[in-house]
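Q: Encoded as structure tokens, here's the structure I'll be asking about.
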Amino acid sequence: MKKTIKLLLTLVVLVIGITLFGCRGNGNNSSKELVVATNCEFPPFEYTDKNGKSIGIDMELASEIAKILGYDLKIKDMSFDAVIGALEAKQANVAMAGLTISEKRKESVDFCDPYFDAFQVVIGLKSSKAMEIDNYDDLIKELEGKKIGFQNGTTAQYFVEGDEGWEFPGINGAVSKGFTSGAAAIMALRNGQIDYVIIDKVPALQFVEKNKEEISVNIDVHLTEEQYAFAVQKDDKELCEKINAALKTLKENGKFTEIVNKYYSD
Ligand code: GLN
């Protein structure tokens, strides 16, 4: 009897030991987590569905990349102009936010491989002059002195206000109006508070589609040529390489195109 108890106790100790060791073995949970900084106000790349779930092209890519890397996925939704700072403060290890590669941002974060081409375009009321213009110079002339809305911290803001780092001269006499989201800027346009909105083309098409009786987008003129990439903390080459490899896999196995096509068709 004594022997059996001893044997049982030994077994219990062994099992506890293995469990603890096992936990520690694959534990390192902090490094096994992909913490994504984003701003869910940018359809079709990131937005929230009726149940508050983060969806969109970037969000599905995030989930597929986490799966490939064997990481748990954590989405941190914040204002767009906080995304880069979240990486700098090490509160996230990757930004997936329709984020445009720029020399200025490269001072604060590292970019992984580009995955999407993007352009700034102008949204206006259907009746507005900018909607009929078919060349860059005339469109810029029309924008001069106008009240122009954009989402804070985006390429559009730098384009309107001018920025050396981005090499944008700015639009002469434009009155810039920053909003917390593209949707809020569109609302201000519909209410007559501003004349135009400048925003990335693919989100622009989706915002306009929702209000097509009132507003329109000039897709003939691209104000900029940009590329989106996921960004990591400065010098986190290891994660960047892993993300690039996962992206490559998703491109090769067709999943990337499948995700893009689910949310957007040319
Ligand atoms: N591509 C733009 C930028 O990087 C806008 C991104 C966004 O609003 N999510 O500034």
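Q: Can Leu34 be described as open to solvent by less than 40 Å² (accessible area, probe 1.4 Å), of a type outside the set (Phe, Trp, Tyr) and part of a strand (DSSP E or B)?
A: yes
Q: Just one of the numbered conditions (1) away from the ligand (no atom under 16 Å from the Cβ); (2) closer than 30 Å to Asp235 by Cβ; (3) open to solvent by 30 Å² or more (accessible area, probe 1.4 Å) is not true of Lys50; which one?
A: So the condition that Lys50 fails would be (2).
Q: Here is a further query. Output the helices (runs of 4 or more DSSP H) that fall wholly within the stretch 155-266 and possess 1 or more residues being without any contact (Cβ under 8 Å) to a residue 24 or more places away in the chain and not hydrophobic (A, V, I, L, M, F, W, C), or say none.
A: Numbers: elements: 155-161, 182-190, 201-210, 237-252, 255-263.
Per the criteria, 155-161, 201-210, 237-252, 255-263.
Q: Checking Asn261 against (1) open to solvent by 60 Å² or more (accessible area, probe 1.4 Å); (2) under 24 Å from Gly145 (Cβ atoms); (3) more than 16 Å from the ligand (Cβ to nearest atom): exactly one of these is not met. Which one?
A: (2)
Q: For Phe119, work out the one condition from (1) surrounded by fewer than 16 Cβ atoms within 10 Å (Cβ to Cβ); (2) within 19 Å of Glu161 (Cβ to Cβ) it doesn't fulfil.
A: The failed condition is (1).
Q: Do we find a residue being more than 16 Å from the ligand (Cβ to nearest atom) and either farther than 14 Å from Gln120 by Cα or under 18 Å from the mean Cα position of the chain (by Cα) (or both) anywhere in the stretch 148-162?
A: no
For every residue, the table says whether it meets (1) within 14 Å of the ligand (Cβ to nearest atom); (2) open to solvent by 30 Å² or more (accessible area, probe 1.4 Å); (3) in a helix (DSSP H, G or I).
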| residue | (1), (2), (3) |
| --- | --- |
| Gly98 | yes, no, no |
| Asp113 | no, yes, no |
| Ser127 | no, yes, no |
| Met131 | no, yes, yes |
| Asp134 | no, yes, no |
| Glu142 | no, no, yes |
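The values are calculated or read from the model by the stated rules, or taken from the named source; none is laboratory data. These numbers come from a predicted model, not from an experiment. Note: ideal-geometry Cβ built from the backbone for every residue, glycine included; neighbour counts use all protein chains shown. These accessible areas exclude ligands, DNA and RNA; they are computed on the full protein's heavy atoms, side chains included. Shrake-Rupley method; radii C 1.70, N 1.55, O 1.52, S 1.80 Å.
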